[in-house]
Amino acid sequence: MSPEHPRTDRSVSTRIGARDISRNYGLVQANNGVSFNVTPGQIHAVVGENGAGKSTLMRILQGLEKPDSGTVILNDDPVQLRDPQQAIRLGIGMVHQEFMLAPELTLLENLVLGDEPMRTIAGPIAIVDWKKALTEARALEKRAGVAIDWDRPTATAPVHIQQYVEILRLLRRGNDVLILDEPTAVLAPQQVSKLIALLKQLRDQGASIIFISHKLHEVVALADHVTIMRRGKAVASASVDELDIAAMTRHIMGDAPADPSEQARAAVVLPDARRILRVEGLCAVTLDRSQALDNISMDVFQGEIVGIAGVAGNGQEELMECLAGLRPMSSGSISLNGAELAGKENMDFRRAGIGYVSPDRAHEGLARLASIADNVMAGSQHAPAFLKGPFRNLPAVGRAARQRLADLDVRYGALSDPVSSLSGGNQQKLVFARERASKPQVLIVSQPTRGVDLNGIAAIHAILKRHCEGGGCVVLASEELDELIALCDRILVLSEGRMVGAVRNEDATPETIGKLMLASGDGLEIAHV
Amino acid sequence: MSDNAHTDAMPADGLAAMVRRGLDDSLRFVVPIAIAFAVGAVLLLAIGENPLETYGLMFSEAFSSQRRFAATLSAATPLLFTAVATAICFRTGVFNVGVDGAFILGGLAAATFGVMLPMSIGWWIIPLSILAAMLVAAFWLWIPGVLLARLDVDEVVSTLMLNFVALGIAGFLVNGVLLSETSGNNTTETIHSTAELSRLLPPSTLHSGFLLGLACVFAYALWSSWTPAGFEAKLVGLNKRFARAVGISIPSTIIVVMVISGLVAGLGGASHALGQVHKFSDGFSAGYGFTGMAVALLARNSALGIVFGAILFGALASAGTTIQLFSDIPLDIVNVIEGTVMIFAVVELGKLTLWRKGKRP
Ligand SMILES: Nc1ncnc2c1ncn2[C@@H]1O[C@H](COP(=O)(O)OP(=O)(O)OP(=O)(O)O)[C@@H](O)[C@H]1O
Ligand SMILES: [Mg+2]
């Protein structure tokens, strides 16, 4: 066993780093000779397109994965990490892209899980000292400057609170190297600024932080130093003062001429566009602590992208699920081209021409244990093109799978690999590849660009626009106001399950929408547009 | 899931990955067996027997001559059906432990029809008896299927309980209205000779039910990887929320697999009644439903694995009985091996770091 190093030793030049690390998965070179250094008390951003190898590098730094060659550097010395437990003892902790808290336990139980404070009652018999645990929790809470209801079951806590708990959990174990893999992907803008403040404060207390994000403005706002990865290599590393966003973008894209800068979409003015989707007086009751929906009406016309905005948890996801037929409505009507869908099953919605992109990629958008091919072909199993008599025509299925993935430039190893081997952004593109393939007329799309890189975002936005130009329409819920403003013809705002306003594209600014989002809705005149 | 590996044989795609996974699968099959035999060896040593000698003897008892091999296959026959019936449900994420009860009721129905139908209908008696068995067993498992799909009644509890009910019903009937007047206690009349399945290798009891069993396994393989229904069932087993979101009906998938499972279990019961014992008596199923579950777990629901697993357990059963006659070794050693295989078959061997160092958990 290697000697355990002292923590927060400011005299070392590298608190944590990598020297020449390579890691292959089959033919994919996820990491290819990566070197980088994080100095003590630094916030070090790692950026790069989907599949660049960021998460792989972090898993290696955390001892979850072993490099094929090269070493991890800790306090200037090479170390061999056997497992994450050892990494934790050495002060390295990670918050993964998908959280790893146990949903049935309370936040406090999750905080101390695996390292509970014990109280001896007699001889060798000891029990968990919950009072001490709560005291520790309160102290951490204060140190971080956040407020947390520790008795709350984790599943019911908002995402950003769960994330705080993950971070505090690491601090409690004395970890001073914090690795955060795309922590902001699941957060609303207000929550992002809070997280940034927290991380800066922790840095000032001596923590070294590795921060992964696709949003470069966050990197500029937060990081001291940035390392850019492309296709498994670290292609640039510099102080944030030396690299502006344009330069970072150039390094991320390499020679690719792609122009990620978004052209705001001009509102469609089809003279007599057909109404496709009509929602009238939709109400839904609370199920499993979800937000109830109250009397929502909206129309979506051919060629339109209608945005749904709101502070997270005000009923956007519930509305989207109702529109996709996945959540029962208690009253009201949803009709597609005049045909009533209320009371029908999700498969009837799909058959009628409604496609759905779930915000919960890990649990609903994908079957993580199934293969890439199965994930991209699910839902098409009855299409005549993929049948030969009563049997599946597997060669045709394989060809179609490859075609669908290629159309959206999804990067993968083999069709039979589990879908979890794809990088986060490629997983999302796969979901689009599947939903688009059944040629739905209406796409119900929730949080489509979470964790997706610039090229991927541009690709997904292009898919949505093309869908509308082809005569379809889109309902888009997103926590990225910029995204809504760039894409939508109209933006509807929800607050506490009620529609509190609507803004046309030409009037849409973060301010006008933000004001509606924060209004409680009572006594507010709904601006009909 | 081994399922993915062989079933979705996408052509010309990641040969290395396929080889690797094939290797993984065979390890998953062999390792539990090896551990089980090791545990058995410890027990044999403890009672003063030489395990190598014993295992050698068992092996030759099971495989060394045509007669013995036929006996092994004959013992494997009911397991082919019960393992398939179990695997169909397990891969759909439905933990059906009621195959034994369905097997028993199927056997009872076939034995009853095999004696009650008039001789004059000739060979028709066989398909009619089999059909009756399949319908009875399918109805039997349809009940917990509907309870689970519509009312969310836990299937482990309901199917486990229904096993006792099935035993009770069968016991009641063979001691009552169906009791034979000539051949003593707890048994029905022997079926008409026209209802008997043909013997394949007389004098052994191996009968054409074995071929039916192989056909079942083949049909299962075809269903699971080559039909839309089998694909949907797999997705339901892997992730219900996902399956629902892509438009698959969870309730009807559950009910359908339970009914198919019942059909297969009933067919198995019929094969055993018409091919092996020629009547129904108490103790008709020597725990075939549960041994079949061990086979399905060991095979991780793969068709090929089911054939090997059934033959392995068939060999253990047939060698175990003869070996008990000629030595002091108790038959229980077979049960120990069977139980140990079952435990280690469900252990996620991938989580043991022994030979998979450095893989993502
Ligand atoms: N377990 C695995 N098996 C096979 N391939 C893998 C595995 N893990 C990662 N890869 C591949 O390695 C490459 C790098 O993946 P990684 O997850 O590190 O990307 P990333 O930079 O984190 O991307 P994202 O921003 O999308 O999260 C990808 O091409 C991915 O498909
Ligand atoms: Mg990643």
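The values are calculated or read from the model by the stated rules, or taken from the named source; none is laboratory data. Being a predicted model, the structure only gives us computed values, none of them experimental. Backbone-built Cβ (ideal geometry, glycine too); neighbour counts: all protein chains shown. Only protein heavy atoms, including side chains, enter the accessible area calculation; ligands, DNA and RNA are left aside. Shrake-Rupley method; radii C 1.70, N 1.55, O 1.52, S 1.80 Å.
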Going through segment A:217-250 in order, the residues found to be of a type in the set (A, V, I, L, M), more than 16 Å from ligand 2 (Cβ to nearest atom) and not in a strand (DSSP E or B) are A:Val220, A:Ala221, A:Leu222, A:Ala223, A:Val240, A:Leu243, A:Ile245, A:Ala246, A:Ala247, A:Met248
Listed by first then second residue, the pairs whose first member lies in segment A:415-432 and is among the acidic types (Asp, Glu), whose partner is part of a helix (DSSP H, G or I) and more than 8 Å from ligand 1 (Cβ to nearest atom), with beta carbons under 6 Å and at least 6 positions apart or on separate chains, are A:Asp417/A:Ile372
Verdict on B:Trp123 being open to solvent by 30 Å² or more (accessible area, probe 1.4 Å), in contact with a Gly (Cβ under 8 Å, 6 or more places away or on another chain) and among the aromatic types (Phe, Trp, Tyr): no
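Check whether at least one residue in segment A:373-382 is facing chain B (nearest Cβ under 7 Å), under 20 Å from A:Glu317 (Cβ atoms) and in a loop (DSSP other than H, G, I, E, B), and report yes or no. Don't jump to the end; show me each part of the working.
Applying the first criterion (facing chain B (nearest Cβ under 7 Å)) to segment A:373-382 yields A:373-374, A:378-379, A:381-382.
Filter once more, so that each one left must be under 20 Å from A:Glu317 (Cβ atoms): none.
Looking through segment A:373-382, none of the residues is facing chain B (nearest Cβ under 7 Å), under 20 Å from A:Glu317 (Cβ atoms) and in a loop (DSSP other than H, G, I, E, B).
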Any chance segment A:307-322 includes a residue that's part of a loop (DSSP other than H, G, I, E, B), within 14 Å of chain B (Cβ to nearest Cβ), in contact (Cβ under 8 Å) with a residue 12 or more places away in the chain and open to solvent by less than 10 Å² (accessible area, probe 1.4 Å)? no
Among helices (runs of 4 or more DSSP H) entirely within segment B:206-281, at least 3 residues that are open to solvent by less than 10 Å² (accessible area, probe 1.4 Å), modelled with pLDDT of 95 or more and touching a Phe, Trp or Tyr at 6+ places or on another chain (Cβ under 6 Å) occur in B:250-271
Considering (1) within 15 Å of B:Glu196 (Cβ to Cβ); (2) surrounded by fewer than 21 Cβ atoms within 10 Å (Cβ to Cβ), say which one B:Pro118 fails and leave the rest. (1)
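Quick one: how many residues across segment A:51-76 are within 13 Å of ligand 1 (Cβ to nearest atom) and farther than 17 Å from A:Phe211 by Cα? Show your work before the answer.
Initial filter on segment A:51-76 (within 13 Å of ligand 1 (Cβ to nearest atom)): A:51-62, A:64-68.
If we keep only those that are farther than 17 Å from A:Phe211 by Cα as well, we get A:64-68.
Total satisfying the criteria: 5.
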Where A:Arg436 falls short, out of the listed (1) open to solvent by 30 Å² or more (accessible area, probe 1.4 Å); (2) more than 16 Å from ligand 2 (Cβ to nearest atom); (3) more than 14 Å from chain B (Cβ to nearest Cβ): (3)
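Per-residue answers, yes or no, for (1) within 19 Å of A:Gly451 (Cβ to Cβ); (2) within 16 Å of ligand 2 (Cβ to nearest atom); (3) open to solvent by less than 10 Å² (accessible area, probe 1.4 Å); (4) in contact with a Cys (Cβ under 8 Å, 6 or more places away or on another chain):
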residue: A:Ile16; (1), (2), (3), (4): no, no, yes, no
residue: A:Ser22; (1), (2), (3), (4): no, no, no, no
residue: A:Tyr25; (1), (2), (3), (4): no, yes, no, no
residue: A:Thr39; (1), (2), (3), (4): no, no, no, no
residue: A:Asn50; (1), (2), (3), (4): yes, yes, no, no
residue: A:Ser55; (1), (2), (3), (4): yes, yes, no, no
residue: A:Arg59; (1), (2), (3), (4): yes, yes, no, no
residue: A:Gln62; (1), (2), (3), (4): yes, yes, no, no
residue: A:Asp68; (1), (2), (3), (4): no, no, no, no
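Quick check on segment A:397-414. Is at least one of its residues among the hydrophobic types (A, V, I, L, M, F, W, C), within 14 Å of another protein chain (Cβ to nearest Cβ) and in a loop (DSSP other than H, G, I, E, B)? It would help to see each step written out before you state the result.
Pass one, segment A:397-414, residues among the hydrophobic types (A, V, I, L, M, F, W, C): A:397, A:400-401, A:405-406, A:408, A:410, A:414.
If we keep only those that are within 14 Å of another protein chain (Cβ to nearest Cβ) too, we end up with A:397, A:400-401, A:405-406, A:414.
The next check asks that each one be in a loop (DSSP other than H, G, I, E, B); those that pass are A:414.
Checking segment A:397-414: at least one residue is among the hydrophobic types (A, V, I, L, M, F, W, C), within 14 Å of another protein chain (Cβ to nearest Cβ) and in a loop (DSSP other than H, G, I, E, B).
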Answer yes or no as to whether A:Ala378 is more than 18 Å from the chain's Cα centre (by Cα) and crowded, with 23+ Cβ neighbours inside 10 Å. yes
If you go through segment A:327-342 one residue at a time, do you hit one that is in a helix (DSSP H, G or I), of a type outside the set (Val, Ile, Thr) and either touching a residue at least 12 places away in the same chain (Cβ under 8 Å) or surrounded by 16 or more Cβ atoms within 10 Å (Cβ to Cβ) (or both)? no
